[in-house]
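Participant: Structure provided below as structure tokens; questions to follow.
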Amino acid sequence: MSHNPIRPWRNIERRKSRQIRVGNVLVGGDAPIAVQTMTNTPTEDAAATIAQIERAAEAGADIVRVSCPTEESTAAMREICRASPVPIVADIHFHYKRGIEAADAGAACLRINPGNIGSEARVREVVAAARANGCSIRIGVNGGSLERHLLEKYGEPCPDAMVESALDHARILDDLGFHEYKISVKASDMFLTVAAYQQLAEATDAPLHLGITEAGGLRTGTVKSSIGMGALLWAGIGDTIRVSLSADPVEEVKVGFEMLKSLGLRTRGVNIVACPSCARQGFDVIKTVELLEQRLAHISEPISLSIIGCVVNGPGEAALTDLGFTGGGKDSGKMFVSGRADHNVSNAEMVDHIVGLVEQKAEALRREREAAEVAAE
């Protein structure tokens, strides 16, 4: 839950779901909403895939999905899963045997698409492999690959059809006594996706994996995902997310975290509050923010920073952030620390100075966290 007793209008009451495990990551219940991405390297190239997973994990990915379309790809999964710093979800389509092989190779979760994996008997075999290897399962319903009988029944992909597909396959797992599963009902149509998730959230207590599939490129996909997934997250729906972008997987992770940070559902890294700039600005706001985003990308501790061009909104925004800089004219501005005006800094030295202050703050938070962990042991 995102709970703020002072500002109750910021509160998000998360839907109550049961909790499952994806490797060492808890999903559902009161666990933080997990951020996922997916590799786009050939899985058979284990070294390239591991390198991409490591970059995604460094950006904050909690879980990474890897496609397993061939026997060669599942053969590489043993090395990939062993080297990965985060749990791996094996993406399985059509060939149920790939699911069995991936479970045996060390995948933490199997993503199966009910519409194209085949008969109940095949699903049963995949479940047996998952159970034997301590794997969880994601039932991944996709608007573009619904079962034929549902398309005939409903005429087209619609929320009822997607939810019926998901629940039919959840029932198979339940009947087999397997409850370590989460569900997704994705479509490229944002309206269809949101409606399906809203309906599914009422019908099951399984954790839900959110996504708008095939959302598009970096800008289009970010906007589309933020509207659709943002609406669901704001309503408390969603236990793990993946922002599907035709872009570097690292960008998916960054957008996912920004989405969660904006809703107060996760805190990671520097959250920069910045004005859009206007003729009043006392320094180049846009260029400064761009530089700071690049130079502070390595910070994982949750720190808020305001960068405001003039004194109209600057002091007010700085009062709500850990650190703040407000343009003031004469080639310098005011630095705020913990909400209070602290000292002046020249525009020429501003970026280096702010980076130094953020790094000091991050180091102090890191020491506090480590001391708390030692005390808890």
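Participant: About the Cα centre of the chain, how large is the charge dipole given +1 on each Lys and Arg Cβ and -1 on each Asp and Glu Cβ? Please answer in debye to the nearest 20.
Facilitator: 680 debye
Participant: Would you mind checking the pairs Lys153/Lys224; Lys16/Lys153; Lys16/Lys182; Lys224/Lys287; Lys186/Lys261 and listing those with alpha carbons more than 21 angstrom apart?
Facilitator: Lys153/Lys224; Lys16/Lys153; Lys224/Lys287; Lys186/Lys261
Participant: How about region 80-175: which chymotrypsin sites (Phe, Trp or Tyr not before Pro) there are in a DSSP loop, with at most 12 other Cβ atoms within 10 Å of their Cβ?
Facilitator: Loop-located and lightly packed - Phe94.
Participant: Mind putting a number on the dipole of region 1-61 about its Cα centre? Charges go on the C-beta only, +1 for Lys and Arg and -1 for Asp and Glu, and I need it in Debye to the nearest 20.
Facilitator: That gives region 1-61 a dipole magnitude of about 600 debye.
Participant: Can I ask one more? Compute the Rg to Rh ratio over region 79-191 from the alpha carbon atoms, using the Kirkwood formula for Rh, and round to two decimal places.
Facilitator: Ratio of gyration radius to Kirkwood radius: 0.99.
Participant: Over the chain, what relative contact order in percent results from Cα pairs under 8 Å that are six or more residues apart?
Facilitator: 12 percent
Participant: Rounded to the nearest 20 Debye, what is the dipole magnitude of region 215-324 about its Cα centre when Lys and Arg each give +1 and Asp and Glu each give -1 at the C-beta?
Facilitator: Dipole magnitude for region 215-324 comes out near 160 debye.
Participant: Just need the relative contact order of region 102-245 here, percent rounded to a whole number, with Cα pairs under 8 Å and 6+ apart.
Facilitator: 20 percent
Participant: Ok, one more. Largest first and in whole Å, what are the equivalent-ellipsoid semi-axes of region 289-377 based on the Cα gyration tensor, each being the root of 5 times an eigenvalue?
Facilitator: Semi-axis lengths for region 289-377 are 27, 14, 10 Å.
Participant: Using a 1.4 Å probe, what is the accessible area per residue for the chain, in Å²?
Facilitator: 46 Å²
Participant: Moving to a separate point now. Using modelled amide H (1.01 Å from N, peptide plane; none on Pro or chain starts), what sits under 5 Å from the amide H of Ser67, excluding residues fewer than 5 places away?
Facilitator: Thr39, Asp91
Participant: In nm, what is the difference between 0.36 nm times the number of residues separating Glu54 and Arg131 and their Cα-Cα distance?
Facilitator: The span from Glu54 to Arg131 would gain 25.0 nm if fully extended.
Participant: Follow-up. Over region 245-322, what percent of the accessible surface lies on carbon and sulfur atoms, probe 1.4 Å?
Facilitator: 51 percent
Participant: How about region 257-331: which trypsin sites (Lys or Arg not before Pro) there lie in a loop by DSSP and see at most 16 other Cβ atoms within 10 Å?
Facilitator: Within region 257-331, the qualifying trypsin sites (Lys or Arg not before Pro) (loop, at most 16 other Cβ atoms within 10 Å) are Arg280, Lys330.
Participant: May I ask you to compute the full-extension gain from Ser262 to Ile172, defined as 0.36 nm times their residue separation minus their alpha-carbon distance, rounded to one decimal in nm?
Facilitator: Between Ser262 and Ile172, full extension yields 28.6 nm more.
Participant: Can you give the accessible area of Leu176, probe radius 1.4 Å, in Å² rounded to 10?
Facilitator: In the full protein context, Leu176 sits at about 50 Å².
Participant: Quick check on the chain: what are the equivalent-ellipsoid semi-axes from the Cα gyration tensor, as sqrt(5λ), descending, whole Å?
Facilitator: Value: 42, 22, 19 Å, ordered largest first.
Participant: Charges on Cβ only, +1 for Lys and Arg, -1 for Asp and Glu, centred on the Cα centroid of the chain; of Ile137, Tyr154, Pro85, which one is farthest towards the dipole's positive end?
Facilitator: About the Cα centre, the residue reaching furthest to the positive side is Tyr154.
The values are calculated or read from the model by the stated rules, or taken from the named source; none is laboratory data. Predicted model only: the values in this text are computed from it and were never measured. Backbone-built Cβ (ideal geometry, glycine too); neighbour counts: all protein chains shown. The protein model used for the area step is the full one, side chains on, heavy atoms only, and it has no ligands, DNA or RNA in it. Shrake-Rupley method; radii C 1.70, N 1.55, O 1.52, S 1.80 Å.
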